[in-house]
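The values are calculated or read from the model by the stated rules, or taken from the named source; none is laboratory data. Quantities reported herein were computed from a predicted structural model and do not represent experimental measurements. In this analysis, Cβ positions are derived from the backbone assuming ideal geometry, glycine residues included, and neighbour counts consider all displayed protein chains.
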Amino acid sequence: MPLTLNYLSFVTADLPRTLAFYRALGLPIPDGAHVNASGEPEDHVEVAQGGLRIAWETEALARQLDPDWTPPSGQRMGIAFQAGSSAEVDETCERLSALGFAVTTAPYDAFWGQRYATLRDPDGNGIDVFAWLQQAGNV
């Protein structure tokens, strides 16, 4: 049986702010997911999206699991969200910018046939947003 990608996790310095970023991109993260029923902060938040479990963990939890853990430097993986249209790419960048998140590459029509932009999550990860352009023959 082939392996199936089932889980993707991010270690974050500011869990509430990071959850707000990904919630604004449309992931089904409930408001208040970063606190438990007693109102105490959580170190781990997980949601399911399209058969994939996506989680965010605090740096404190990362150090608990691996005492030698240190925050990495530089981008180590690519993450992209597909939009339904070029206008949705533009609107997403405008909306997240208005929420105080950085748009590092403004939307543009890329030579590979996509409307493309790059945002930064609160930990500095580049998050791409794209939509296929009609002339590329994709929808």
* Hey, any hits in the stretch 94-105 for a residue that's closer than 19 Å to Gly124 by Cβ and not assigned by TED's automatic domain parsing to the domain that holds Pro122? -> no
* Sort out which residues of the stretch 92-118 are of a type in the set (Val, Ile, Thr) and closer than 18 Å to Gly26 by Cβ, and write them in order of number. => Thr92, Val103, Thr118
* Residues Leu119, Leu99: which one is of a type in the set (A, V, I, L, M), closer than 25 Å to Leu15 by Cα and buried (at least 17 other Cβ atoms within 10 Å of the Cβ)? -> Leu119
* Structure fact -> Note on Thr18: of the conditions (1) among the polar types (S, T, N, Q); (2) touching a Phe, Trp or Tyr at 6+ places or on another chain (Cβ under 7 Å); (3) closer than 30 Å to Gln134 by Cα, unmet is (3)
* To do: Answer with yes or no whether Ala106 is surrounded by 11 or more Cβ atoms within 10 Å (Cβ to Cβ), assigned to a strand (DSSP E or B) and at pLDDT 95 or above.
  => yes
* Asked: Can you tell me how many residues in the stretch 14-51 are among the acidic types (Asp, Glu) and either touching a residue at least 60 places away in the same chain (Cβ under 8 Å) or exposed (fewer than 13 other Cβ atoms within 10 Å of the Cβ) (or both)?
  -> 3
* Asked: Consider Asp128 against the criteria (1) part of a strand (DSSP E or B); (2) over 20 Å from Ile54 (Cα atoms): it satisfies all of them except one. Which criterion is unmet?
  -> (2)
* How many residues does the stretch 101-126 contain that are acidic (Asp, Glu) and closer than 13 Å to Phe21 by Cα? -> 2
* Could we say that Pro71 is more than 25 Å from Trp132 (Cβ to Cβ), free of Cβ contacts under 8 Å to residues at least 60 places away in the same chain and loosely packed, with under 13 Cβ neighbours inside 10 Å here? -> no
